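Since the structure comes first, as C-alpha cells, the remarks are kept for the end.
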Amino acid sequence: MAEKLWHLKSCELFSRLSHDQIEKVESRSRCRTFAARSPIYLPSTKADCVYMLAEGMVKVCHLTADGKQSILAFIEPGELFGEAAIFAGQEHDEYVEAIERSTVLMIPVEEVQSLIAQHPDIAFGVTKLIGFRRHRIERRLKNLLFLPNRERLIHLLLDLAEQFGSHTSEGIRLRVKLSHQELANVIGSTRETVTVILGQLKAEGSVDGARRKVILTDPQRLAHSVNRSPPGAPRPKMRLSPARMPG
C-alpha cells in the first residue's frame, strides 16, 4: 500500500532503510485510524507492536491509583511510541489516547528488533528517543516537586511552544489543542487553578486564546519569569495528505 510506504519513509528512524526493507516492514504492519479521545492501547494490553503516528496527535498517559490521569508525553506525526516493548515486558504500563482523529501504523515488535540487530543507527535512534522522553519526564517531575503551580504551567507552555509551536504575527500559537483539565493533568494541578493562572497570564499580556487554543503573545517575558531561554524556531509540522502521497 503506497500510503503505508509513504508514512514509513517519513519517519526519520527508518529514513536510511532501502526500498526493499521498507516494503518488508510495510507488509508486516497494520494501519488503523482512531477517533478523537479514543484509546489506542490500554494498560495491561499485550506489548507486541511498536506504534508510529502517521497523522493526528496522541498523548501517552499514566493512570494513578485513584483514577486520575497523568500525561507523560505528546506524540505528533512521524514519531514512534510504545517503544518500550522492544526491550522488556509483555504488557504496556501506560495507555495512549488520540487527542484528535489519528492514523497509526502498528509494526510487530519482532520486526523492529530485527532492524535494530541489522542497523546500529536504528538502535542508536531508539535509544536516543527513549533518553529524550525520559529527560522531559524527569524535568517535569522536578518542576512538579519544587515549583509552584504558576511556574509549572509556564514551563509547560514553553515546552509545548518548542515542540508544537507555530510562529505567527500574534506570537507562538500552540498546534496541540488541550483543555484546561489536560494542562492540569500534565503539571499535577487542578482545572480551576490552571484556569485562574491562564487568566492572570492573559491579563498580563503574555498569552491569549480560548477553547483549547493558546497563543504565547510574549514568550520572552514568560521565559524570563522562570529563568530560561525563550523557545527557538520549532520543528515544522508534518502533515501527510493523500495529495502528497505517491501514486
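Across the range 177-197, the qualifying residues are those that are among the polar types (S, T, N, Q) and crowded, with 16+ Cβ neighbours inside 10 Å, and the one among them that is farthest from the chain's Cα centre (by Cα) is 193. List the residue pairs whose Cβ atoms are under 6 Å apart, where the first residue sits in the range 149-174 and is within 16 Å of residue 217 (Cβ to Cβ), the second is in a helix (DSSP H, G or I) and of a type in the set (Phe, Trp, Tyr), and the two are 6 or more positions apart or on different chains. That search, which allows pairs on different chains as well, returns 174/164. Restricting the range 160-173 to residues that are modelled with pLDDT of 90 or more and of a type in the set (D, E, K, R) leaves a set whose member that is nearest to the chain's Cα centre (by Cα) is 173. Checked against (1) of a type in the set (Lys, Arg); (2) closer than 28 Å to residue 68 by Cβ; (3) in contact (Cβ under 8 Å) with a residue 12 or more places away in the chain, residue 202 passes all but a single condition, namely (3). If we scan the range 80-89, do we find a residue that is at pLDDT 80 or above, open to solvent by less than 10 Å² (accessible area, probe 1.4 Å) and closer than 23 Å to residue 181 by Cβ? Within the range 80-89 (the criterion being at pLDDT 80 or above, open to solvent by less than 10 Å² (accessible area, probe 1.4 Å) and closer than 23 Å to residue 181 by Cβ), the answer is yes, since at least one residue qualifies.
Residue 65 falls short on exactly one of the conditions (1) open to solvent by less than 10 Å² (accessible area, probe 1.4 Å); (2) without any contact (Cβ under 8 Å) to a residue 24 or more places away in the chain, and that condition is (1).
The strands (runs of 3 or more DSSP E) falling completely within the range 54-101 that include 2 or more residues that are under 10 Å from the mean Cα position of the chain (by Cα) map to 58-63, 69-75. Restricting attention to the range 35-58, the residues that are under 8 Å from residue 92 (Cα atoms) and open to solvent by 30 Å² or more (accessible area, probe 1.4 Å) total 5. Taking the criterion of being among the aliphatic types (A, V, I, L, M), open to solvent by 40 Å² or more (accessible area, probe 1.4 Å) and free of Cβ contacts under 8 Å to residues at least 24 places away in the same chain, the only residue of the range 115-133 that qualifies is 117.
Conditions tested, residue by residue: (1) at pLDDT below 90; (2) of a type in the set (Asp, Glu); (3) open to solvent by 20 Å² or more (accessible area, probe 1.4 Å); (4) farther than 25 Å from residue 100 by Cα.
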{"position": "175", "(1), (2), (3), (4)": "yes, no, yes, no"}
{"position": "199", "(1), (2), (3), (4)": "no, no, yes, yes"}
{"position": "206", "(1), (2), (3), (4)": "no, no, no, yes"}
{"position": "209", "(1), (2), (3), (4)": "yes, no, yes, no"}
{"position": "221", "(1), (2), (3), (4)": "no, no, yes, yes"}
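Checked against the criterion of being open to solvent by less than 50 Å² (accessible area, probe 1.4 Å), at pLDDT 80 or above and within 19 Å of residue 181 (Cβ to Cβ), the candidates 70, 29 yield just one match: 70.
The values are calculated or read from the model by the stated rules, or taken from the named source; none is laboratory data. Small disclaimer: the values here were computed from a predicted structure and weren't measured. Cβ: placed from backbone, ideal geometry, glycine included. Neighbour counts: every protein chain shown. The area values use the complete protein model at the heavy-atom level, side chains included, leaving out ligands, DNA and RNA. Shrake-Rupley method; radii C 1.70, N 1.55, O 1.52, S 1.80 Å.
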